[in-house]
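So the structure is just underneath, and the comments pick up after that.
The values are calculated or read from the model by the stated rules, or taken from the named source; none is laboratory data. Since this is a predicted model, take the numbers as computed values, not measurements. As a convention, Cβ positions derive from the backbone with ideal geometry for all residues, glycine included, and neighbour counts pool all protein chains shown. In case anyone asks, the SASA skips ligands and DNA or RNA and just uses the protein heavy atoms, side chains included. Shrake-Rupley method; radii C 1.70, N 1.55, O 1.52, S 1.80 Å.
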Amino acid sequence: MILTDRDMPDMDGLRFVEQLLQSPELAGKAKVIVLLSTGQQGESARCRELGVDACLTKPVSQAELFEAISRVLGPLPSKPDSPQRIRRQTVPKANRLRVLLAEDNAVNQKIACRFLEKEGHHVTLACQGRQALDAIERENFDVVLMDVQMPEMDGFEATAAIRAQERDSGKHLPIIAMTAHAMAGDRERCLAAGMDNYIAKPISACELVELLEEFSGAAREEASPA
Ligand code: MN
């Protein structure tokens, strides 16, 4: 992967990328991210023509850079996040969700929180399964994003405990599993454990938006009188 600034003396970033991608060893193989300055957003079309995979406008936050790298390098050869699928609009107020994020990794917490809050959702953080259960006792949530690998009580155990409690109440809290390994059997294992859906890490912003939209629709239906 090549990360290059647009503005450089002598040969600028775009000319550099142009020449670079003429090399048969790199064309179609190297992933390229270009950093633009404010006011250069118009150059993103030129970047696309050159075969640049992502453009970011400076100053670039750690989370934005991480998200772009994840998107460009991709966790899976599944549906790519093309730029037109990323909507910059935040979700309408009615679709805003109370999200419980159960995740033990500080970097993932930060990225997911930042993204969800940017979308207008309200996020409560739990660092392990037991904390997630406590939070559910205290507060109402529309959806849980549940890391499966957490210390002490993992996502599978926490989900089992939530589903056991629901047997009496008749409620159903949607749980989306987050797993580190995109393995073929993961989805089945998560669904069998009582989770409603599954997302592989590194989490794609687009995929998460789509999943949450599903649940915001369900939350609205439940909130409105029958
Ligand atoms: Mn974890």
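If the cut-off is a Cα-Cα distance under 14 Å, which aspartates and glutamates reach Lys201, setting aside same-chain residues fewer than 8 apart in sequence?
In chain and number order, the partners are Glu67, Glu103, Asp104, Asp147, Asp186.
Using a 1.4 Å probe over the heavy atoms of the protein chains, calculate the carbon and sulfur portion of the accessible area of the range 2-73 as a whole percent. Intermediate values should be presented prior to the final figure.
Working: 2180 of 4090 Å².
Summing carbon and sulfur atoms, their accessible area is 53 percent of the total for the range 2-73.
By a straight-distance test (C-alpha under 18 Å), which aspartates and glutamates pair with Lys29 as possible cross-link partners, with residues fewer than eight away in the same chain excluded?
Glu18, Glu49, Asp53, Asp81
Before I look further, what does the range 2-73 give for accessible area per residue, probe 1.4 Å, in whole square angstrom?
Values: 4090 Å² over 72 residues.
Result: 57 Å² per residue.
Among Phe16, Val32, Ser70, which residue has its Cα furthest toward the positive end of the charge dipole of the range 2-73, with +1 on Lys/Arg Cβ and -1 on Asp/Glu Cβ?
So the residue we want is Ser70.
Could you derive backbone 3J(HN,Hα) for the range 110-124 from the dihedral phi with the Karplus parameters 6.51, -1.76 and 1.60 (θ = phi - 60°), listing whole Hz in sequence and x where the residue is Gly or Pro?
5, 5, 5, 4, 4, 5, 5, 5, 4, 6, x, 7, 9, 10, 10
Would you mind calculating the relative contact order of the range 2-73 from Cα pairs under 8 angstrom and at least 6 residues apart, reporting the percent as a whole number?
Working: 78 pairs, mean separation 22.0, N = 72.
In percent, rounded to a whole number, it is 31.
Efficiency by 1/(1 + (r/R0)^6): what FRET value for Gln22 and Val209, r their Cβ-Cβ distance, R0 = 45 Å, to the nearest 0.05? Walk me through the numbers before you get to the answer.
Numbers: r = 36 Å, r/R0 = 0.81.
Calculated transfer efficiency: 0.80.
Calculate, in nm to one decimal, what Ala160 and Arg189 gain on full extension: separation in residues at 0.36 nm each, minus their alpha carbon distance. Kindly include the intermediate steps, with their values, before the conclusion.
Details: separation 29, 0.36 × 29 = 10.44 nm, distance 1.25 nm.
Here the segment from Ala160 to Arg189 would lengthen by 9.2 nm.
Sorted by average packing, counted as other Cβ atoms within 10 angstrom per residue and highest first, what order do 1-14, 97-110 take?
Numbers: 1-14: 13.9, 97-110: 19.2.
Most protected by this proxy first, the peptides run 97-110, 1-14.
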